[in-house]
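What follows is a short report on a single structure.
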Amino acid sequence: MKLRFVLPALVLVLGMLGASSAKAQVGVYFNPVFTHVGISTPDTGPFAFLGDNTTGRWFGGVDFGGYWDFYHPKSYDAGLDIRETIVHGNNASLSTFSVAARVAAKPVKYGVRPYAQLAAGAGRTKAEESNIHVTKFEWGIFGGLDDPIGKHVDFRVIEIGYGTVTPQSSAVQRAPVTIASAKLFNISSGLVFRF
């Protein structure tokens, strides 16, 4: 996905903006992610994203991006999150790029910070036996807990996400065939580096 090269530039810009504002908080992460992709109607043929007659499959890969919390009322922080997720399963691939509105609570018991995000972007899919990549609109809702373990490092205890994207399917070659959007369930954990 060509948009992935935009991410490092945006994180750099966010970091510079964060450095220029005393209260701005910037975080960068690169974590393992597991995504369950499910569709309600099984697809068949070489363009079936999950495999022939399959309605669900786990994919594994990486989730990387950054956030910028630039709005700081008393009880929460708000900002933007930009991320790319790249996962593979059954020799198929799914790559999503999204921008999210982000809200993080001030630290609660033991310093843990819960957060929630509403994201929209593009998802690019490629089936196992296909040379075609299909890019469609993707959205997601994410929530998680960050636990500070150092001055500039948080342990992302857990992040759970739910969203949808329309994957590659037999409809690419056979117009009358329609396949519903795939439901994405994400789970991730790892480290966040704050600046």
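Only the coordinates and a few stated rules stand behind these numbers; no lab work does. What you see is a predicted model; the values in this text were computed from it and never measured. Positions of Cβ are backbone-derived with ideal geometry, glycine not excepted, and every protein chain shown enters the neighbour counts.
Taken over the range 109-134, the criterion of being surrounded by fewer than 18 Cβ atoms within 10 Å (Cβ to Cβ), in contact (Cβ under 8 Å) with a residue 60 or more places away in the chain and not charged (D, E, K, R) is satisfied by Ala122, Ile132. Hey, could you check the range 96-108 for residues that are surrounded by fewer than 19 Cβ atoms within 10 Å (Cβ to Cβ) and either of a type in the set (A, V, I, L, M, F, W, C) or within 17 Å of Thr35 (Cβ to Cβ) (or both) and say which is nearest to the chain's Cα centre (by Cα)? Only one residue fits best here, namely Val99.
Applying a threshold of 7 Å to beta carbon distances and a minimum spacing of six or more residues, or different chains, the list of pairs starting in the range 181-195 at a residue that is on the phi > 0 side of the Ramachandran plot and ending at one that is part of a strand (DSSP E or B) reads Gly190/Tyr29; Gly190/Asn31; Gly190/Pro32; Gly190/Arg156.
Let's see how each residue does on (1) over 16 Å from Gln117 (Cα atoms); (2) over 18 Å from the mean Cα position of the chain (by Cα):
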position: Phe47; (1), (2): yes, yes
position: Asp52; (1), (2): yes, yes
position: Val62; (1), (2): yes, no
position: Gly66; (1), (2): no, no
position: Asp69; (1), (2): no, no
position: Pro73; (1), (2): yes, yes
position: Asp77; (1), (2): no, yes
position: Ile86; (1), (2): yes, no
position: Ala92; (1), (2): yes, no
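Among the residues of the range 39-76, the ones that are in contact with a Ser or Thr (Cβ under 9 Å, 6 or more places away or on another chain), buried (at least 16 other Cβ atoms within 10 Å of the Cβ) and not in a loop (DSSP other than H, G, I, E, B) come to 8 in all. Given the residues Tyr110, Tyr115, which is the only one that is of a type in the set (Ser, Thr, Tyr) and closer than 14 Å to Tyr67 by Cβ? When all the criteria are applied, what remains is Tyr115.
When the range 109-139 is filtered for residues that are more than 15 Å from Ala48 (Cβ to Cβ), among the hydrophobic types (A, V, I, L, M, F, W, C) and in a strand (DSSP E or B), the ones remaining, listed by number, are Ala116, Leu118, Ala119, Ala120, Ala122, Phe137, Trp139.
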